[in-house]
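Here is the structure we will look at.
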Amino acid sequence: NMYSEDRCTNWTEFDPAWAEALAVYKRFDGRISKNPDFPKIIALPTLEGFLRPCSLDQVESKLREISPEYIEGLRAVFILGGTQKQLKSWGSSVTTYGHYWRSCIFLHAYPSEGRRFNPTQLRTYFIRNVLVHEIGHHVDQHYTTTKERERFAEAFAKEYG
């Protein structure tokens, strides 16, 4: 915005996807194991205007295909429901499909209103690319810069997705 472009501030752009992931984490943190044998998979209800890009069964199936060493310590996979602010900001610079944070993966809902999509292709993209990319972040304990971490996660998704 004009304020932050013209002055030195510590304001950052609001990210509604991150805000949803943070709220869900806070809500469920005390209810999920700190070190489960297999990650908990939680699907939240979708907000009107969104669709769930993949199901619990599809996420579980992919997790079971992945070598157990790669998901060791992964606490949960959340399939989120979306928010009004995400719907309004979709297509902007803050559009996000997934997050990895604190040993949890967050898969974001996909807006359905006014968008053309093939459900099979969308599901395949979320499972093979987004989910496995985020597992790559979970596996990565070496790289420290964002560029290196993203490069590793992309390579991981290409190999295991």
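Listing for the model above:
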{"read-out": "Loop trypsin sites (Lys or Arg not before Pro), segment 96-130 (other Cβ atoms within 10 Å of the site Cβ: 15 or fewer; DSSP)", "value": "102, 115, 116"}
{"read-out": "Förster-model FRET efficiency, 25 Å R0, residue 34 and residue 150, C-beta, rounded to 0.05", "value": "0.40"}
{"read-out": "Stretch gain in nm, segment residue 69-residue 113, where the contour uses 0.36 nm per residue and the Cα spacing is subtracted", "value": "11.9 nm"}
{"read-out": "Percent accessible area from carbon and sulfur atoms, segment 19-161, protein chains only, probe 1.4 Å", "value": "46 percent"}
{"read-out": "Difference of contour (0.36 nm per residue) and Cα-Cα distance, residue 142 to residue 95", "value": "14.2 nm"}
{"read-out": "Computed accessible area, residue 144, all protein chains, 1.4 angstrom probe, square angstrom", "value": "120 Å²"}
{"read-out": "Cleavage-rule hits (GluC sites (Glu not before Pro)) in segment 108-149: DSSP loop, at most 11 neighbouring Cβ within 10 angstrom", "value": "113"}
{"read-out": "Modelled FRET efficiency - R0 30 Å, residue 129 with residue 22, Cβ distances, 0.05 increments", "value": "0.85"}
{"read-out": "For the chain: accessible area per residue (Å², 1.4 Å)", "value": "60 Å²"}
{"read-out": "Value of [θ]222 nm, deg cm²/dmol, for the chain, DSSP H segments ≥ 4, -39500 (n - 2.57) each, nearest 500", "value": "-11500 deg cm²/dmol"}
{"read-out": "Per DSSP, loop trypsin sites (Lys or Arg not before Pro) in segment 34-86 with at most 16 further Cβ within 10 Å", "value": "34"}
{"read-out": "Equivalent ellipsoid, the chain (semi-axes from 5 times Cα gyration tensor eigenvalues, Å)", "value": "25, 20, 16"}
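The values are calculated or read from the model by the stated rules, or taken from the named source; none is laboratory data. Values in this document were obtained by computation on a predicted structure and should not be read as measured data. Every residue, glycine among them, receives a Cβ derived from its backbone with ideal geometry; neighbour counts consider all protein chains shown. For the accessible areas, the whole protein counts, side chains as well, though only heavy atoms, and no ligand, DNA or RNA atoms are used. Shrake-Rupley method; radii C 1.70, N 1.55, O 1.52, S 1.80 Å.
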